[in-house]
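Everything below concerns the one structure shown next.
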Amino acid sequence: MPDTAISEYLQERKSLWLKKRVKANTPEEEKLHAEQEAEQLFSLAVWLPDAARRAGQLSMVSHPAKFSHPNAKTTHLIADRQRKADGFLRSGNVNTGLDVLGNAAALDVQKFLALTLQDGKNILQHLEEGTEYIRQQFSIPSANYDDLADGLLAIKKKVSDQKTHGGVKQVYFPVDEGYHLLSILMPSGILFELKKRINDIRFSDAAKASRDARKYNKAADDYAEIYDLTSIGFGGTKPQNISVLNNQNGGVAYLLPASPPVLAGRKLNPPRSSFFDLKYTRPEKYQALFTEFHKTLSIAINNKGIRNKTRGLAKAIFFELIDRSWQLRYLESGWSDSDRYKKLSKREKLWLDQQYRNSEEKGEDWLETLEDSFVRWFIDAYKKVIGVQQVHSLADYEFITLQKWLQECGEGLK
């Protein structure tokens, strides 16, 4: 009997296939024919040999070239480096998985190979080890196991020759009396592991608990804030054309500041009238994210990938604005008492000035009101960046959705 993970995956593929072809007004005869065709196409005996044929259209890599240029084609490299306590951030010293690139139409094969079976191993691990369990699972009348395994393992093929491409960034590196021309490739696993760790540092449950403890003057573990992050996008509206990891992260990664350290204190001016004044927050700083958000909304297709990307871009913008607010909240307590900020509302003073962090004046609904201000800022900033005539109208439903995404950003508002 097929492993539950395999059965559920094929059922999911069948449902997606039928959803595209069977509509509410589809005649009953055509509907029945489509269901019969789907039953055959997504049976293990038919789908698995087809997947084995298509696996060669994908390649598992550690350093995809398409992050430099979408048309770059280089040798598909897997950096097999051993872990060593040498103090360097490099391949081998960071525990990340491999990335996958190739024909986007064959990515269902990669998802299949990543399925975790009942013993905790994924299908690719089983194939590499040649376990008896996977032999039993792949025992079908339409193909023999060895052919299936060879076809599916082609996703991790090794090559002896190495070639680069003009679209890849290259540098001359001095060696002895001459130079080596190096092609610089992106370690995508490390890139998105960095993003994951940054989000954990800023918005994890542990960080939330520490902030809450500090808020109420209780003992707490230390937590960190990371400033001056920059978001960088890969692939535009088609992040899946760059790599699987890039697609899973909505095509957005973080860049840490690479500038020399600033020894003098940072000059930061709090808002005089409102933090949410567009003249103060300057929405053009988030133009790249709003532009990508707008392009995603413009896509006619509505599927899980598009929805996840829209959600990820909106949250990235909220993260940036929350980060801006925390820079103010680290200023010396009592700054809002100055006459310079007499036009700043009491609500925002309670939020931004740390002298009020334990104030009972906040009331029960202050956080809900603050969330409304964030969402209204998002909509106004979106209109300003894209242009009122071009933006998509965000109705009450979208307002509630944006508010929900803001709440998913963690406890950074409190």
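Laboratory data are not the source of any read-out in this text; all were calculated from the coordinates shown. What you see is a predicted model, and the numbers here were worked out from it, not measured in a lab. Here Cβ is always computed from backbone atoms with ideal geometry, including for glycine, and neighbour counts include all displayed protein chains.
Computed quantities for the displayed model
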quantity: Choice from Ala154, Ala34, Ala106 showing the highest fluctuation, given a GNM over the chain with Cα pairs closer than 10 Å; calculated: Ala34
quantity: Compactness index (Cα Rg / 2.2 N^0.38 Å), the range 1-122; calculated: 1.43
quantity: When the convex hull of its Cα atoms is projected in every direction, mean area for the range 191-238 (nm²); calculated: 4.5 nm²
quantity: Long-range HN-HN contacts of Ile184 with modeled amide H, under 5 Å; calculated: Lys169, Gln170, Val171
quantity: Over the chain, relative contact order from alpha-carbon pairs under 8 Å, at least 6 apart, %; calculated: 14 percent
quantity: Listed residues Phe276, Phe318, Phe42, most fluctuating in the chain (Gaussian network, C-alpha, under 10 Å); calculated: Phe42
quantity: Charge dipole (the range 1-136, unit charges on Cβ, about Cα centre) - positive-most of Ile78, Leu16, Ala5; calculated: Ile78
quantity: Estimated dipole of the range 323-414 in Debye, rounded to 20 [Cβ of Lys and Arg +1, of Asp and Glu -1, Cα centre]; calculated: 420 debye
quantity: Distance from the range 165-204 to the range 87-131 (C-alpha centre basis), Å; calculated: 21 Å
quantity: Residue with peak Gaussian network fluctuation, the chain [Cα springs, cutoff 10 Å], from Ile301, Ile201, Ile379; calculated: Ile301
quantity: Built amide H within the under 5 Å cut-off of Val100, gap 5+; calculated: Val61, Val244, Leu245
quantity: Glu128, Glu29 arranged by Cβ crowding within 10 Å, fewest neighbours leading; calculated: Glu29, Glu128
quantity: Net charge dipole size for the range 188-407 [Lys, Arg +1 and Asp, Glu -1 on Cβ; Debye, nearest 20]; calculated: 500 debye
quantity: Compactness relative to 2.2 N^0.38 Å, alpha carbon Rg of the range 188-407; calculated: 1.08
quantity: Top positive-direction residue, dipole computed over the chain with Cβ charges, set Gly334, Leu321, Ile140; calculated: Gly334
quantity: Derived scalar couplings ³J(HN,Hα) [the range 308-323; Karplus, 6.51 cos²θ - 1.76 cosθ + 1.60; whole Hz; x for Gly, Pro]; calculated: 5, 5, 4, 4, x, 5, 4, 5, 4, 5, 4, 4, 4, 5, 4, 4
quantity: Size of charge dipole - the chain - debye, nearest 20, with Cβ of Lys, Arg +1 and Asp, Glu -1, no other charges; calculated: 1420 debye
quantity: Karplus (6.51, -1.76, 1.60) ³J(HN,Hα), θ = phi - 60°, over the range 247-255, in Hz, Gly and Pro reported as x; calculated: 5, 5, 9, x, x, 10, 10, 9, 10
quantity: Estimated vicinal HN-Hα couplings, Hz - the range 183-193 in sequence order (Karplus 6.51, -1.76, 1.60; Gly, Pro = x); calculated: 9, 8, 10, 7, x, 4, x, 5, 4, 8, 5
quantity: Euclidean distance between Cα centres, the range 302-364 to the range 1-57, Å; calculated: 48 Å
quantity: Entries in Lys309/Lys383; Lys215/Lys349; Lys208/Lys315; Lys156/Lys195 that, when Cα-Cα distance is taken, lie over 22 Å; calculated: Lys156/Lys195
quantity: Relative contact order (%) - the range 1-113, alpha-carbon pairs under 8 angstrom, separation at least six; calculated: 25 percent
